[in-house]
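Let me begin by presenting the structure, written as structure tokens, before commenting on it.
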Amino acid sequence: LPQARPDATLADSQRLALREHARAHPGHDLLLVLADLPLLDSAAIAGLLAQWRACAPGTDSLRPRVDGAPGHPLLLSAAAVRSANLLPPGAGLRQWLDPAQGRHATFDSDNRAYVTDLDTPDDLRALRIALAPAAIDWPPATA
């Protein structure tokens, strides 16, 4: 479901995703994946899902951690989707993930796919260096 508000914040989009998932897939866990994780592949997703299956019953969320840095994707239990749906205006998942607010699990990994994103031109330069000699570029825009 596209975000209809041009002034929407990340938190607004997160709340929209939670509401839509709860409506369309009640009772199902949710995997939230960022669009700018260029190294994320099926092996990384399989590793996350294996960790999820090993979590204690009642775990609200799971996310990878690489060198102490929180990564993505984020897995939410169906119960967590329902409770996170109650986020107040302006609050996003970052606030909800506060350890005092639920049973949030992490797992340590050395897989850089979980923390390699493309937020800045420096991120793109670093990716090009890391993947050289492969060419990393976007196709030219068409009018």
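Worth pointing out:
- Neighbours by Cβ (under 7 Å, 6+ apart or cross-chain): first from segment 45-58, touching a residue at least 40 places away in the same chain (Cβ under 8 Å) and more than 11 Å from PHE107 (Cα to Cα); second open to solvent by 60 Å² or more (accessible area, probe 1.4 Å) and in a loop (DSSP other than H, G, I, E, B): GLY58/ARG103
- Among the residues examined, LEU87 qualifies as in a loop (DSSP other than H, G, I, E, B) and surrounded by 16 or more Cβ atoms within 10 Å (Cβ to Cβ).
- Residue list for segment 18-39, filter: crowded, with 17+ Cβ neighbours inside 10 Å and under 23 Å from PRO88 (Cβ atoms): LEU18, HIS21, ALA22, LEU30, LEU32
- Residues in segment 46-66 that are farther than 24 Å from GLN95 by Cβ and either modelled with pLDDT of 95 or more or of a type in the set (Gly, Ala, Ser) (or both) were compared, and the one that is most open to solvent (accessible area, probe 1.4 Å) is ARG53.
- Test: ALA43 is part of a helix (DSSP H, G or I), open to solvent by 60 Å² or more (accessible area, probe 1.4 Å) and either within 30 Å of ALA134 (Cβ to Cβ) or of a type in the set (D, E, K, R) (or both): yes
- Considered as a group, the residues in segment 93-114 that are part of a loop (DSSP other than H, G, I, E, B) and surrounded by 17 or more Cβ atoms within 10 Å (Cβ to Cβ) include one that is modelled with the lowest pLDDT, and that residue is GLY102.
The values are calculated or read from the model by the stated rules, or taken from the named source; none is laboratory data. Predicted model, so just to flag it, every value in this text is computed and none were measured. Using ideal geometry, Cβ is built from the backbone for each residue, glycine included, and neighbour counts are taken over all protein chains shown. Accessible surface areas use protein heavy atoms only, side chains included; no ligands, DNA or RNA. Shrake-Rupley method; radii C 1.70, N 1.55, O 1.52, S 1.80 Å.
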